[in-house]
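Throughout, read-outs are computed from the coordinates displayed, never taken from laboratory work. Every value quoted in this text rests on a predicted model; they were computed, and no experiment measured them. Here the Cβ positions follow ideal geometry from the backbone for every residue, glycine too, while neighbour counts run over all protein chains shown.
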Amino acid sequence: MDRIEINGVWYVREDNTLKTHQFEFELDETLEDDLAHTECLSYEDDEYHLELDGLITNKLYERVSMISLRIVDKNNEREECWDNENFLKGLVKLEQESIYGALDESDVKVTHSLLNLIINLLKVGQKKGML
């Protein structure tokens with residue numbers, strides 16, 4: 001007895017149909033302050049793949065980012081991740097301590113041309129507000 005046919009058309013009892021729910025949207029303007037998002041810059045050529053990743057937050061009207069750089073040497077499949085922000089910021093500023101550290105302390109053989117690529121990528125990330 002939940003439906004009836006009249007002139008070839010089937011009708012369903014009104015009280016058996018799906019109820020619609022009223023939804024009231026409430027704008028939360030403070031939500032944006034608590035969100036984080038990621039940004040990524042990638043560079044790739046025949047020898048290397050570089051990825052600069054940043055986790056960006058806006059806390060108390062200050063933009064904060066946590067960055068890391070992934071380096072893949074395609075010639076020997078070696079991979080390294082640099083996540084020391086002070087070190088990466090030192091490379092952007094061309095600080096000698098960071099430059100020497102990059103050339104000496106790495107599983108991936110960092111040549112002068114690779115370091116040039118890395119610093120250029122970091123400078124683009126700086127322009128985009130990642131560091």
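Listing for the model above:
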read-out	value
Test: residue in the range 63-82 that is under 30 Å from residue 33 (Cα atoms), among the aromatic types (Phe, Trp, Tyr) and out of contact with any Cys (no Cβ under 9 Å at 6 or more places or on another chain)	yes
Members of the range 85-105 that are over 18 Å from residue 70 (Cβ atoms) and β-branched (Val, Ile, Thr)	99
